[in-house]
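Visitor: Before I ask anything, here is the structure I am working with.
The values are calculated or read from the model by the stated rules, or taken from the named source; none is laboratory data. Remember, it's a predicted structure, so these values are computed and weren't measured experimentally. Glycine also receives a Cβ, built like all others from the backbone with ideal geometry; neighbour counts cover every protein chain displayed. Just the protein is used for accessible areas: all its heavy atoms, side chains included, with ligands, DNA and RNA removed. Shrake-Rupley method; radii C 1.70, N 1.55, O 1.52, S 1.80 Å.
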Amino acid sequence: MDDIPPTPHRTPSTITRRNLLGGALALGLLGSGCSIPVGLGSSQTRVKYWHFLGASDGVIMNGMVGAFAKENPALFVEENVLQWGEPFYTKVAMAGAGGRSPDVATFHLARLSGIGPGQILDPINLDLLAENGLRAEDFSPPIWERAHIDGVLYAVPFDAHPMVQYYNTDICGRAGLLGGDGKLLPTKGTDQLLESLRKAKEALGGKPPLAFDALGLGTVGPWRVWSSLYAQSGGTLLSDDGTQITIDDAKALEALTFMRTLGEEGLCDPTTDYGASVAAFQNGNAAFLWNGDWETTTFKLTKMPFSMARFPSVFGGASAQADCHVFVVPHQRARDPQVERATYRFIAYLVKNSADWAVAGHVPAYLPALEQPEYLALQPQSEYRSVITEVALDPQVWFAGSASRLWIEFGEAFSPVIGGTRTPEQGLALAKDALRRLMEAPNPFPEEPR
């Protein structure tokens, strides 16, 4: 096992490609904190892998790990599934600070800069990355760039999970919003989008045609929508070094005013939380759903008439708010060279076969995967793949990213704007106040390895 050859691209697994959505039994294996061994025998090289992926994501990842095990019988991947959100990052930070980490972990890209690059996380071994056939030019440029901190690569990109537009094909067909190919006619600018939503509202008998997470405890939908709209106009949140607020008030208010219009005209229901928004779309009570791409399997399982498209272009650009899954190597005091080589073989295998991962709805960050026939055959997942180079990513600060205070604070500031109980100006002022408080607060994660 001293010489581990580079990872080849394999033929897509029939388990992950065709039978994945029926893997309900596997869901039961993916409880918080469980360990799923995929190989046996003390002579094997062991790779410890931590992640937070549950539901259909967890089923798919478990299938990919299992397929890797079958093709690499000399390697043992110990798959540990931990609780999503802050508990996961706290555990990784504490393990990394103590040098008692797993060999590889799944991360959200936006969390990278806040959890000790060079202290909690070790740099990516570029030689082993190249040995396994992964090159910088094969990845989405903005995601690859964001995986670097101070010029050092700390993460291997796996996907982007952007805001997308789900649409009910039956309702949109009745509203005259589909082209001859049965796909949603794209809109450009506020007027075209509003007119499309008004037609859908009429087809629904006056019901709000658009659903998204607009209200509730810890709501983040308003942040996701605003971040997409604001980024399209070229707006930024913070300076590159994260020390100065750079919000353009005019552009920020333009996006908030549009969001308020959606509520005022009854084009969205400002009282829906996350679950209610998904249910409204699933039950045929909404023509559109603005959400992350991860609900794809939810609607496929119900066999409802739907498809997906990129988040609409409203303010000039075509970007959409997104976070990304990446692979990181948490800090270890002494890294076993043989295990390290096996770890990079495993990472490369997952990246090169990310067309399997795309079943869950996520867009591979590995550009060659986007051209593979098996990925292009995925419908509607491949319909919004071009967003991979136009993602609107969070600033590189500790309080950003999935499950972060930034998303929640901005969501709380903007939610009443949609409902009409707060003006756009008031919402923006509260968001900027929250941003200042977050910038002044200390990073709660350990800063130095112990």
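Visitor: Those residues that are free of Cβ contacts under 8 Å to residues at least 24 places away in the same chain, out of contact with any helix residue (DSSP H, G or I) (no Cβ under 9 Å at 6 or more places or on another chain) and part of a loop (DSSP other than H, G, I, E, B), I need them from the stretch 173-213; list them, please.
Guide: Once the filter is applied, which keeps residues that are free of Cβ contacts under 8 Å to residues at least 24 places away in the same chain, out of contact with any helix residue (DSSP H, G or I) (no Cβ under 9 Å at 6 or more places or on another chain) and part of a loop (DSSP other than H, G, I, E, B), the stretch 173-213 yields 179, 180, 181, 205.
Visitor: Please determine whether any residue of the stretch 84-100 is modelled with pLDDT of 95 or more and either in a helix (DSSP H, G or I) or open to solvent by 10 Å² or more (accessible area, probe 1.4 Å) (or both).
Guide: Step one: list which residues in the stretch 84-100 are modelled with pLDDT of 95 or more, which gives none.
No, that holds for no residue.
Visitor: Inside the stretch 320-339, can you point out the residues that are open to solvent by 10 Å² or more (accessible area, probe 1.4 Å) and in contact with a helix residue (DSSP H, G or I) (Cβ under 7 Å, 6 or more places away or on another chain)?
Guide: Passing the criteria: only 331.
Visitor: Pairs only if they're at least six apart or on different chains, beta carbon under 8 angstrom, first in the stretch 71-85 and at positive phi, second assigned to a loop (DSSP other than H, G, I, E, B) and crowded, with 17+ Cβ neighbours inside 10 Å; list them, first residue then second.
Guide: If the second residue must be assigned to a loop (DSSP other than H, G, I, E, B) and crowded, with 17+ Cβ neighbours inside 10 Å, the pairs left are 85/52; 85/402; 85/403.
Visitor: Any idea how many residues of the stretch 280-307 are at pLDDT 95 or above, assigned to a helix (DSSP H, G or I), hydrophobic (A, V, I, L, M, F, W, C) and more than 24 Å from residue 229 (Cα to Cα)?
Guide: 1
Visitor: Of the residues 127, 170, which is of a type in the set (Asp, Glu) and either touching a residue at least 12 places away in the same chain (Cβ under 8 Å) or part of a loop (DSSP other than H, G, I, E, B) (or both)? Step through it out loud before you land on a result.
Guide: Working: 127 fails: either touching a residue at least 12 places away in the same chain (Cβ under 8 Å) or part of a loop (DSSP other than H, G, I, E, B) (or both).
Residue meeting the stated conditions: 170.
Visitor: List the residue pairs whose Cβ atoms are under 6 Å apart, where the first residue sits in the stretch 370-397 and is farther than 24 Å from residue 112 by Cα, the second is open to solvent by 70 Å² or more (accessible area, probe 1.4 Å), and the two are 6 or more positions apart or on different chains.
Guide: 370/385
Listed here are the residues, each with its yes/no results for (1) open to solvent by less than 10 Å² (accessible area, probe 1.4 Å); (2) basic (Lys, Arg); (3) over 30 Å from residue 217 (Cβ atoms).
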residue: 303; (1), (2), (3): no, yes, yes
residue: 318; (1), (2), (3): no, no, yes
residue: 350; (1), (2), (3): yes, no, yes
residue: 360; (1), (2), (3): yes, no, no
residue: 367; (1), (2), (3): no, no, yes
residue: 376; (1), (2), (3): no, no, yes
residue: 396; (1), (2), (3): no, no, no
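Visitor: Can I ask one more? Only one of (1) crowded, with 21+ Cβ neighbours inside 10 Å; (2) at pLDDT 95 or above is not met by residue 66, so which one is it?
Guide: Answer for residue 66: the failing condition is (1).
Visitor: Next question. Here is a check on your reading of the model: is residue 404 polar (S, T, N, Q) and either over 17 Å from the mean Cα position of the chain (by Cα) or at pLDDT 95 or above (or both)?
Guide: In short, no.
Visitor: Checking the structure you have, find out if any residue of the stretch 420-438 is among the hydrophobic types (A, V, I, L, M, F, W, C), open to solvent by 20 Å² or more (accessible area, probe 1.4 Å) and closer than 30 Å to residue 101 by Cβ.
Guide: Taking every residue of the stretch 420-438 in turn, none turns out to be among the hydrophobic types (A, V, I, L, M, F, W, C), open to solvent by 20 Å² or more (accessible area, probe 1.4 Å) and closer than 30 Å to residue 101 by Cβ.
Visitor: If you scan the stretch 114-124, which residues turn out to be assigned to a loop (DSSP other than H, G, I, E, B) and farther than 16 Å from residue 342 by Cβ? Reasoning before the result, please.
Guide: Residues of the stretch 114-124 assigned to a loop (DSSP other than H, G, I, E, B): 114-116, 118-120, 123-124.
Result: 114, 115, 116, 118, 119, 120, 123.
Visitor: Quick check on residue 345: is it open to solvent by 10 Å² or more (accessible area, probe 1.4 Å), under 28 Å from residue 70 (Cα atoms) and modelled with pLDDT of 95 or more?
Guide: Judged against the criteria, residue 345 is a match.
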